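Take a look at the structure set out below.
The values are calculated or read from the model by the stated rules, or taken from the named source; none is laboratory data. No experiment lies behind these values; they were computed from the predicted model shown. Neighbour counts are summed over all protein chains in view; Cβ atoms, including those assigned to glycine, are modelled from backbone coordinates with ideal geometry.
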Amino acid sequence: MTRIAIITGASSGIGAATAEHFLQQGFSVINVSRRPCPVSGVENHCGDLATSDAVMALAQGLVSVVKTEQPSEVCLIHNAALMLKDNAENCSDDSFERAFHINVSAINTLNRHLIPVMPQSSSIQFIGSTLSEKAVGGAFSYVVTKHAQLGMMRATTQDLMGRGIHTALICPGFTDTEMLRGHVGNDETILADISKMNSFGRLIDPNEIARLVIWSHHNPVINGSVLHANLGQLEH
Ligand SMILES: NC(=O)c1ccc[n+]([C@@H]2O[C@H](COP(=O)([O-])OP(=O)(O)OC[C@H]3O[C@@H](n4cnc5c(N)ncnc54)[C@H](OP(=O)(O)O)[C@@H]3O)[C@@H](O)[C@H]2O)c1
């Protein structure tokens, strides 16, 4: 029987690595992002998660695939995110709404449509951040929306009691992707400094997070958990 992994933001970074690992495990993999996934064999549902109409259309397309394929399990991975450089004094309503739409509202829309067609043994994996539980300066809308994802995961777990669908919030630390590199302006000195901020003195490889997502999907005992994946980040 078919098993389906639906991954938002599998066109790069953690999402692309996760797509590859699920394919290797024999899942049918669907990417939801503006650009296609670079991994061959992935079905692309391209669209912009920043607009309600596009998210509704994407959700309906995904529901249609799940209804047609009748999979034995679905792993829905909310991975796409927008990270802006903003702060409590300058975050405009427009940029806050954009971040909130991609990082929070789109997840709600996809869940609302897909949960009713997800069979038992399915899971919903939220890709949060260390910033789901702590704040740093200069990333206001990201910190707020990543905290919101923690609440969404916990509330979803409570609302899905008895449904056979489990959830988790996976919180990566500094991972070597476009998002991190873009945020620091591809500055190798900053990247080297960031690498020193954990116990192993390096950035996380996206494949390490991908392996954790798969493990989390296969282990419902962790339902409702926050899984820290940061190599033991230095705390200040
Ligand atoms: N890298 C880190 O250090 C780090 C740390 C903690 C948490 N995370 C989390 O890990 C997840 C993956 O990030 P990453 O580091 O792998 O970054 P990435 O390589 O930049 O990937 C981000 C993905 O989000 C998608 N996305 C962004 N805006 C979108 C939009 N408007 N519509 C549709 N898709 C959109 C992008 O696809 P398109 O551009 O093709 O649309 C891309 O596939 C995020 O939730 C991030 O917050 C990352």
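Assorted remarks:
- Taking the stretch 177-207 as the range and being part of a loop (DSSP other than H, G, I, E, B) and either among the basic types (Lys, Arg) or in contact with a strand residue (DSSP E or B) (Cβ under 7 Å, 6 or more places away or on another chain) (or both) as the test, the residues that pass are Lys196, Met197, Arg202, Leu203.
- Set side by side, the residues Lys196, Lys146 differ, and just one is under 22 Å from Ala10 (Cα atoms) and of a type in the set (Lys, Arg), which is Lys146.
- Strands (runs of 3 or more DSSP E) wholly inside the stretch 1-118 containing at least 1 residues that are within 11 Å of the ligand (Cβ to nearest atom), in contact with a helix residue (DSSP H, G or I) (Cβ under 7 Å, 6 or more places away or on another chain) and within 16 Å of Pro206 (Cβ to Cβ): 3-8, 28-33, 73-78
- Gly128 meets the conditions (1) farther than 24 Å from Gly182 by Cα; (2) within 11 Å of the ligand (Cβ to nearest atom); (3) not acidic (Asp, Glu) in every case but one. The failed one is (1).
- Taking each residue of the stretch 213-236 that is modelled with pLDDT of 95 or more and crowded, with 16+ Cβ neighbours inside 10 Å and looking for partners that are polar (S, T, N, Q) and assigned to a loop (DSSP other than H, G, I, E, B) with beta-carbon atoms closer than 6 Å, six or more apart or interchain, yields Leu231/Ser199.
- Residue among Leu131, Leu76, Leu150 that is free of Cβ contacts under 8 Å to residues at least 40 places away in the same chain, among the hydrophobic types (A, V, I, L, M, F, W, C) and surrounded by 15 or more Cβ atoms within 10 Å (Cβ to Cβ): Leu131
- The stretch 21-76, residues that are in contact with a strand residue (DSSP E or B) (Cβ under 7 Å, 6 or more places away or on another chain) and among the polar types (S, T, N, Q): Ser28, Asn31, Ser33, Asn44, Ser72
- Residue in the stretch 154-170 that is hydrophobic (A, V, I, L, M, F, W, C), in contact with a strand residue (DSSP E or B) (Cβ under 8 Å, 6 or more places away or on another chain), near the ligand (Cβ under 8 Å from one of its atoms) and outside any helix (DSSP H, G or I) present: no
- Pairs where the first residue, in the stretch 40-64, is more than 15 Å from Ser105 (Cα to Cα) and the second is at pLDDT below 95 and among the basic types (Lys, Arg), C-beta under 9 Å, 6+ apart: none
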